[in-house]
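Only the coordinates and a few stated rules stand behind these numbers; no lab work does. Since the model is a prediction, treat every value here as computed from it, not as a measurement.
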Amino acid sequence: MEDAGGGAPVPPVYRARARGILSRTGGFIRDAGFTHSLTPARNCTYGCTYCYVPTMRIYGGLRPEDWRRWGKFTTFKENAAELLAKELRPEQIVYCSPLVDPYQPVERRERSMPGILRALIARPPAAFVVQTRGPLILRDVALLLRLAEKTRLRVSFSITTNRDDVRRRYEPRCEPIDERLRAVRALEAAGIRTFCTLAPILPCDPAALADLALAASAGDVIGDPLHSRAVKRYGATTRAEAERVSAAGGFERWHEPEFQAGVAAAIRRRVETAGRRFATGVEGFRLLTL
Ligand code: SF4
């Protein structure tokens, strides 16, 4: 591994030609109203301990080396923009991405998203949603603004806790919460409709987390708790690594549905008192398509 500066190692980055770039949605994302998803790379170098993607295995379009070595490398689809030019249609509602963060740090050098955004500007779908936690998105504000003139553009920015000590335990390779909130404020100030998405809700002070979201963005607030295999017997679920982190920190309750409901209720009270909407799960993600 080379050094990215500041002592941070850069994970290996590979490139491959994909056969297609837009996938018809199923399950949660389809139920929320998205017709297609766009995934610019396979495997995500943020490598969050709770990430549900590697638990989907081949159903998430992964190869065994991806789920065995989740977060250790990534493979960009080098012909993404070229494929998009052929596959985009005006009626599509596109979610980018359920399987990777499009602004994972190695995107700084790879520069896959500018080409993708230019392809979208040339053939805009009905709506395009960027799901990210990467402040690197600010690099592309000018392109995002051009796209917003042609489609319903929404940015869903992941803010998972108000506690940076918790963030370091569960998502040590992600940027600090303050930096992410600054990115949300900068997107909003630029005129890009941005939602704070509290997903998954990590151990936090629920009212304080709601206040951070309300202060950073003028939009409604979306939430989703950690998924639990005990409740969700099939499909994507929280990685076992997050359960180990929770056990080490004494945070086991944050995986329990009853406790999670109490946390969500506390966030909802705060958000609704401020005159905004708070929704979880499918209802929450549906807010992004409107
Ligand atoms: S940023 Fe998203 S896709 Fe990437 S590892 Fe974290 S949860 Fe998974």
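Working from the Cα coordinates of the stretch 1-123, the gyration tensor eigenvalues give, after taking √(5λ), semi-axes of 24, 18, 12 Å in decreasing order. One Cα centroid belongs to the stretch 67-95, the other to the stretch 125-168; the line between them spans 16 Å. Under the definition of Cα pairs under 8 Å and six or more residues apart, what whole-number percent is the relative contact order of the stretch 13-289? Taking the mean separation of contacting Cα pairs over the length of the stretch 13-289, I get 19 percent.
Pairs of Lys residues in the chain are counted when their Cα atoms are under 30 angstrom apart and they lie 8 or more places apart or on different chains; the count is 4. Each principal axis of the Cα cloud of the stretch 44-198 was taken in turn, and the coordinate range along them, longest first, works out to 41, 38, 26 Å. Separation of the stretch 14-39 from the stretch 237-290 is 25 Å, based on Cα centroids. For the chain, the alpha carbon positions stretch 47, 42, 40 Å along the principal axes, listed from largest to smallest. Rg of the Cα atoms in the stretch 124-266, relative to 2.2 N^0.38 Å, amounts to 1.11.
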